[in-house]
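The values are calculated or read from the model by the stated rules, or taken from the named source; none is laboratory data. No experiment lies behind these values; they were computed from the predicted model shown. Glycine also receives a Cβ, built like all others from the backbone with ideal geometry; neighbour counts cover every protein chain displayed. In case anyone asks, the SASA skips ligands and DNA or RNA and just uses the protein heavy atoms, side chains included. Shrake-Rupley method; radii C 1.70, N 1.55, O 1.52, S 1.80 Å.
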Amino acid sequence: MLIKPNMSISLGGGSNVAKLAAELAKHKNLHLTICTPSEVTQNYCESIGIPITDFNQASHFDIAFDGCDSLDSNLNALKSNGGIHLSEKVSAELADEYVILAPLQRVTKILSPDIPLTLEIDEKVIGPIQKQLNELKLRSKIRMSNDIAGYVRTASGNLLIDCYADNWGNISFLNDSLAKLNGVIATSFFENLVTLALTFDTDGKIHKFERKIDYDKI
């Protein structure tokens, strides 16, 4: 069992993390300290009686659980749709173990081109960043709100740009190039952060994937 009494845990976003939260609500005797970078997850946890500790006060997690939109065979992930990848990446970096919960079909040899590489950016640098995206031959669009006319904004007031390529075979290079641009706050590519993926197929069978470390590259 991954979760042990008195652990400090981060719960990210998504429906699969919500299912885990529902299970944890049944085991209050574990005396867990639980934080979340997700406002949606926080609201759900509080609605089912799970007390949430202020995420901004966290300095370490024993385990951080999260969902993802696409996961490759090396356990690199794209976490784009939720748009909270900055705080989710903080959770991953503070955790001894970073565990992805996702359907098995989201695991592919190369990350799915249907899922964008998403940038959180300062609004003042839209023009220069879009120019750089064009030079990298990436298709891009600023994420717009479905409810009101206007841009989607993060909790910090920043914008999200969704970037697409024909394939993500060179995503590490693209991500490194984009992350260095002035005004890019964070990207949704999680490289070498996931330590374990617990996935499930349509029959409910659990499939476990662990990251293999290439010590020659360290």
Checklist entry - In the range 107-143, what residues are assigned to a loop (DSSP other than H, G, I, E, B) and among the basic types (Lys, Arg)? => result 109, 137, 143
Checklist entry - Is one or more of the residues making up the range 76-91 part of a strand (DSSP E or B), modelled with pLDDT of 95 or more and closer than 25 Å to residue 121 by Cα? => result yes
Checklist entry - Taking residue 43, is it over 30 Å from residue 109 (Cα atoms) and part of a helix (DSSP H, G or I)? => result yes
Next on the checklist: I need a count of the residues in the range 1-35 that are touching a Gly at 6+ places or on another chain (Cβ under 7 Å) and part of a loop (DSSP other than H, G, I, E, B).
Outcome noted: 4
Item to check | Unmet requirement for residue 209, which otherwise passes all of (1) touching a residue at least 24 places away in the same chain (Cβ under 8 Å); (2) part of a loop (DSSP other than H, G, I, E, B); (3) open to solvent by 60 Å² or more (accessible area, probe 1.4 Å) | outcome: (2)
Checklist outcome for this item: In the range 68-96, anything in contact with a Ser or Thr (Cβ under 6 Å, 6 or more places away or on another chain) and among the charged types (D, E, K, R) is listed as 69, 79
Checklist entry - Which of (1) within 26 Å of residue 38 (Cα to Cα); (2) surrounded by fewer than 18 Cβ atoms within 10 Å (Cβ to Cβ); (3) modelled with pLDDT of 95 or more; (4) of a type in the set (Gly, Ala, Ser) does residue 177 not meet, given it meets every other one? => result (1)
Item to check | Residue selected from the range 138-174 under the condition among the charged types (D, E, K, R) and closer than 12 Å to residue 121 by Cα, by the criterion surrounded by the fewest Cβ atoms within 10 Å (Cβ to Cβ) | outcome: 153
Checklist entry - Does the range 105-125 include one or more residues that are more than 23 Å from residue 1 (Cα to Cα), of a type in the set (Val, Ile, Thr) and touching a helix residue (DSSP H, G or I) at 6+ places or on another chain (Cβ under 8 Å)? => result yes
Item to check | Hits in the range 1-37 - residues which are more than 17 Å from residue 48 (Cα to Cα) and in contact with a Cys (Cβ under 7 Å, 6 or more places away or on another chain) | outcome: none
